[in-house]
Amino acid sequence: MIKVDKRDRSTIFRDRLGKAAMMNGMNQSALSRAVGVDRSTVSQLLAGKNARLPNAQVVAECARALGVSADWLLGLTDRPERPGDVLNAYMAVTDAARSSADEQLNKWHHEAAGYKIRHVPATLPDILKSADMLTWEYGPQLARTTTQAIGAVDDNIGWFKTQNSDYEIAVPLHELESFARAEGYYRGLPIEIRIAQLDHFLSLYETYFPSLRLFLFDARVVYSAPLTVFGPLLAVVYLGQHYIAFRESNRVQTFTAQFDGLVRAAVVDAREIPDKLRALKAEISGRPQISGL
């Protein structure tokens, strides 16, 4: 750390105090009332006639009154925001809807238009689900949630068509296989819906590839919580009832690197997805697979 002479720190304090007061539209009288000191004290702080710094209480009250951090006033940081404000700017917790029918999620997608979006869904990606699949999955909730989910998927497909964005999705291999075989989470899903979903999946994928790319990874080798990285802008982790959104660049880069690690570890590459979908359809249909059909 560089040790700053007290006279230099006093100069920094005086300049920053005056700048913050001006930005807040406060004259010396208003600032003295907000801080709780005599106007003459504020006048001395701003006049710079000596190298003395005020005591900690006055510094703290000045910071509070002006909505800046005491560290910034004293030249210990170049960021004027208070620590809590910095944290809120870099990380936010918001409510999450059960489905993609989420206004906040849609806003993030539109904010990231033109950037690559990297996505690890909680189940299969909503953007590739059929209406019947969405109805089955979100049916246990309020009926309007299902309708909203279907509408949101249609909107997202429309958004994807019009935006110059790449969309990469990484899904555990067992998730897709469990869906096709109606195992675990998908137990009770009728075979008609599963077969139609695989056809829908394949049709969308072949229409939008390579802008839309799917990778299947082995969850026994690598793991990821549900998350979405919206280009360099933000990374969002899905907790179920809440999102945790990170905007600090180093955090976004960390999540981007994690996603790219899933892609490198993929056991089914993006170009192999159509064959995998056809193989699963043949398996559950009880028919032999014919390559390319």
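The values are calculated or read from the model by the stated rules, or taken from the named source; none is laboratory data. Quick caveat, the model's predicted, so the values are computed rather than measured. All Cβ positions, even for glycine, are placed from backbone atoms using ideal geometry, and neighbour counts span all protein chains on display.
Against the test of being closer than 16 Å to Pro172 by Cβ and among the hydrophobic types (A, V, I, L, M, F, W, C), the options Ile244, Ile273, Ile193, Ile284 yield a single qualifying residue, Ile273.
Within segment 198-209, being farther than 14 Å from Ala279 by Cα and assigned to a helix (DSSP H, G or I) holds for His200, Ser203, Leu204, Tyr205, Glu206, Thr207, Tyr208. Of all the residues in segment 22-38, those that are modelled with pLDDT of 90 or more and in a helix (DSSP H, G or I) number 8. Considering each of Arg287, Arg251 in turn, give the residue that is surrounded by 14 or more Cβ atoms within 10 Å (Cβ to Cβ) and modelled with pLDDT under 95. Step by step, each of Arg287, Arg251 is checked, and only Arg251 is surrounded by 14 or more Cβ atoms within 10 Å (Cβ to Cβ) and modelled with pLDDT under 95. Checking Thr145 against (1) under 19 Å from Gly240 (Cα atoms); (2) assigned to a helix (DSSP H, G or I); (3) modelled with pLDDT of 65 or more, only one condition comes out false. Which one? It fails just one condition, (3). Look at Ala97 and say whether it is at pLDDT below 65 and hydrophobic (A, V, I, L, M, F, W, C). It is false that Ala97 is at pLDDT below 65 and hydrophobic (A, V, I, L, M, F, W, C). Restricting attention to segment 206-238, the residues that are in contact with a Gly (Cβ under 9 Å, 6 or more places away or on another chain) and within 18 Å of Gln253 (Cα to Cα) total 3. Is there any pair linking a residue in segment 221-238 that is not assigned by TED's automatic domain parsing to the domain that holds Arg118 to one that is buried (at least 18 other Cβ atoms within 10 Å of the Cβ) and at pLDDT 95 or above, with Cβ under 8 Å and at least six apart or on different chains, and which? Going by the 8 Å Cβ cut-off, there are no qualifying pairs.
If only residues of segment 206-216 that are among the hydrophobic types (A, V, I, L, M, F, W, C) and more than 20 Å from Ala235 (Cα to Cα) are counted, the one that is surrounded by the most Cβ atoms within 10 Å (Cβ to Cβ) is Leu216. Annotation: Ala282 fulfils all but one of (1) outside any helix (DSSP H, G or I); (2) surrounded by 15 or more Cβ atoms within 10 Å (Cβ to Cβ); (3) free of Cβ contacts under 8 Å to residues at least 12 places away in the same chain; the unmet one is (1). The residues of segment 6-21 that are at pLDDT below 85 and either in contact with a strand residue (DSSP E or B) (Cβ under 8 Å, 6 or more places away or on another chain) or surrounded by 15 or more Cβ atoms within 10 Å (Cβ to Cβ) (or both) amount to a single one, Arg9.
Find the residue count for segment 100-122, including only residues that are surrounded by 15 or more Cβ atoms within 10 Å (Cβ to Cβ) and either charged (D, E, K, R) or at pLDDT 90 or above (or both). Summing the residues that are surrounded by 15 or more Cβ atoms within 10 Å (Cβ to Cβ) and either charged (D, E, K, R) or at pLDDT 90 or above (or both) in segment 100-122 gives 8. Of all residues assigned to segment 40-49, at least one qualifies as being surrounded by 16 or more Cβ atoms within 10 Å (Cβ to Cβ) and without any contact (Cβ under 8 Å) to a residue 12 or more places away in the chain. For segment 241-260, name all the residues that are among the hydroxyl-bearing types (Ser, Thr, Tyr) and farther than 19 Å from Pro121 by Cα. Once the filter is applied, which keeps residues that are among the hydroxyl-bearing types (Ser, Thr, Tyr) and farther than 19 Å from Pro121 by Cα, segment 241-260 yields only Ser249.
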